[in-house]
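This report refers to the structure that appears directly beneath it.
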């Protein structure tokens, strides 16, 4: 038996508390992963819409990459084409034609709302 905030707590109670905290932690990670996926899809769609089109190869190469390592979920939107960065940022001989930065900038409020909504839904369930 232990004491929490001056109250007696049995080991079984502590086990339940720790179990609930572990579950809560996993739920937070899962909810954030859902929100990240939704946000990345919005940014990816906007980047594809913004991408300059000659043959369509750049637009078609824009992809979402997401990975989860332990409690961390990361994601990116971009292209693996060698000429994607010069198009986004320009060169000394070519003017920039940004497609990724505007996709992020123009959807910041929407992305924030996605994360906020998912967090509110999680709190209501708990």
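Set side by side, the residues 91, 76, 72 differ, and just one is farther than 30 Å from residue 55 by Cβ and free of Cβ contacts under 8 Å to residues at least 60 places away in the same chain, which is 72. Can you name the condition, by its number, that residue 30 falls short on among (1) free of Cβ contacts under 8 Å to residues at least 24 places away in the same chain; (2) part of a strand (DSSP E or B)? The failed condition is (2). Here residue 89 meets each of (1) modelled with pLDDT under 95; (2) out of contact with any helix residue (DSSP H, G or I) (no Cβ under 8 Å at 6 or more places or on another chain) with one exception, condition (1). Selection of first residues in segment 112-126 that are without any contact (Cβ under 8 Å) to a residue 12 or more places away in the chain and at positive phi and of second residues that are part of a loop (DSSP other than H, G, I, E, B) and surrounded by 13 or more Cβ atoms within 10 Å (Cβ to Cβ), restricted to Cβ pairs under 6 Å at least 6 apart or on distinct chains, gives an empty result.
A count restricted to segment 36-68 and to residues that are surrounded by 11 or more Cβ atoms within 10 Å (Cβ to Cβ) and either modelled with pLDDT under 95 or in a strand (DSSP E or B) (or both) stands at 5.
Among the residues of segment 69-108, the one identified as in a helix (DSSP H, G or I), within 14 Å of the chain's Cα centre (by Cα) and surrounded by fewer than 14 Cβ atoms within 10 Å (Cβ to Cβ) is 108.
Got a number for residues in segment 109-122 being farther than 13 Å from residue 32 by Cα and either more than 17 Å from the chain's Cα centre (by Cα) or surrounded by 13 or more Cβ atoms within 10 Å (Cβ to Cβ) (or both)? It would help to see each step written out before you state the result.
If we filter segment 109-122 for residues that are farther than 13 Å from residue 32 by Cα, which is where we start, we get 109-110.
Still in the running and either more than 17 Å from the chain's Cα centre (by Cα) or surrounded by 13 or more Cβ atoms within 10 Å (Cβ to Cβ) (or both): 110.
Within segment 109-122, residues that are farther than 13 Å from residue 32 by Cα and either more than 17 Å from the chain's Cα centre (by Cα) or surrounded by 13 or more Cβ atoms within 10 Å (Cβ to Cβ) (or both) number 1.
The values are calculated or read from the model by the stated rules, or taken from the named source; none is laboratory data. From a predicted model like this one, the values you see are computed outputs, not experimental measurements. Virtual Cβ from ideal backbone geometry, glycine too; neighbours counted across all protein chains shown.
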